[in-house]
Amino acid sequence: MLPTARKAKILELLNRRKSIEVATLSKILHISEVTVRRDLEQLNDRGLLKRTHGGATSLESTDFELSYQVQLERHKEEKERIAQAASRYIADGDTIILDASTTVLQIIKNLQGKRELTVVTNAIDNILKLAGNGDFTLVSTGGMLRKKSMALVGPIAGKTLGDFCAHKLFMGISALTLEPGITTVSPLEAEVKRAMVKSAREVIGVTDSSKFGEINSSLVGPVTMLHRLITDDKIPDEDLTGLRERGVEVIVV
């Protein structure tokens, strides 16, 4: 394949996948990793992609955000399976953080029978669902309401989270690629998610497979911030392999 055609193929692959690794391109194009890296550097210098450690990402980001009510109904069966699996990692007496996510919201349905939990959350819907459970200690982070996601954000939320050392964080994910990692549309929500990660001993990501290959504009952090990821069986093979190679335990349901 001529260099011009090869570079066009790289850009075509990036347009579909949003991010790709050197090793993957080497296999697809049947060329050495040295050649791939040289092509990526040249395309980066021309402003056609963004070079990352180990690969490249598309310059396009997908910051279109569906309404909260629409998100509640999308991929509902997958979210219910994911939430059911996630609840198995919650033990009596745990302090857990639940972020503002329609997948995380499903976890609350599976907390019946759990005892003496302390639940810290920045999600209005989580608070309303949990308010009637007398056996749980419920803590709201407080903060400014972001109506698009019904999430409490800002410095007040971050300060509250800094006072906790939770056993586990259950974090919803709106966009995930191997590089640069976990992203979201709101810098305020990204900031709160990072504060949650710092306040938890174990970070468990929960997301349906539609979020793989998407890149939003606000970086939460690398995929290695996750100890465990629970998703459905439509996860792309290269993402499954890449996550496990990076030390993330992936549970497929």
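No lab work stands behind these numbers, since they all come straight from the coordinates. Note that the structure is a prediction, hence the values are computed from the model and not measured. With ideal geometry, Cβ positions are generated from the backbone for all residues, glycine too; neighbour counts draw on all protein chains shown.
Ranking 117, 149, 160 by how far each Cα lies toward the positive end of the dipole of segment 68-165 (charges on Cβ) leaves 149 at the top. Among residues other than residue 173 with Cβ under 10 Å from its Cβ, the summed charge is -1 (Lys and Arg +1, Asp and Glu -1). Compared with the dominant principal axis of the Cα atoms in the chain, helix 76-87 is inclined by about 70°. Below 14 angstrom from the Cβ of residue 89, what's the summed charge of the other residues (Lys, Arg +1; Asp, Glu -1)? Result for the neighbourhood of residue 89: +1. DSSP assigns beta bridges within the chain; of those with both partners inside it, close to 40 percent run antiparallel. Net charge dipole, the chain: roughly 320 debye, given to the nearest 20, about the Cα centre with Cβ charges of +1 for Lys and Arg and -1 for Asp and Glu.
So what does the Cα-only Debye profile of segment 100-187 read at q = 0.15, 0.21 Å⁻¹, as log10 I(q)/I(0), no solvent term? Relative scattering, expressed as log10 I(q)/I(0), comes to -0.61, -1.15. The share of alpha-carbon pairs in the chain lying farther apart than 29 Å comes to 32%. Note on segment 3-57: Rg/Rh from C-alpha atoms, Kirkwood Rh, equals 0.89. Amide H to amide H distances under 5 Å link residue 95 with 118, 167, 168, where only residues 5 or more positions off or on other chains count and H is placed in the peptide plane. Entry note, segment 68-252: relative contact order of 19 percent, from Cα contacts under 8 Å with a spacing of 6+ residues. Just so you know, the Cα atoms of segment 67-138 work out to an Rg and Dmax of 11.9, 35 Å.
Local charge sum around residue 134 (other residues, Cβ-Cβ under 12 Å, Lys/Arg +1, Asp/Glu -1)? For residues surrounding residue 134, the net value is -1.
Over what distance in Å are the Cα centres of segment 126-145 and segment 1-43 separated? Cα centres, segment 126-145 to segment 1-43: 48 Å.
Backbone geometry of segment 182-192 corresponds, through the Karplus equation with coefficients 6.51, -1.76 and 1.60 at θ = phi - 60°, to 3J(HN,Hα) couplings of 8, 10, 8, 7, 10, x, 5, 5, 4, 5, 5 Hz, x marking Gly and Pro.
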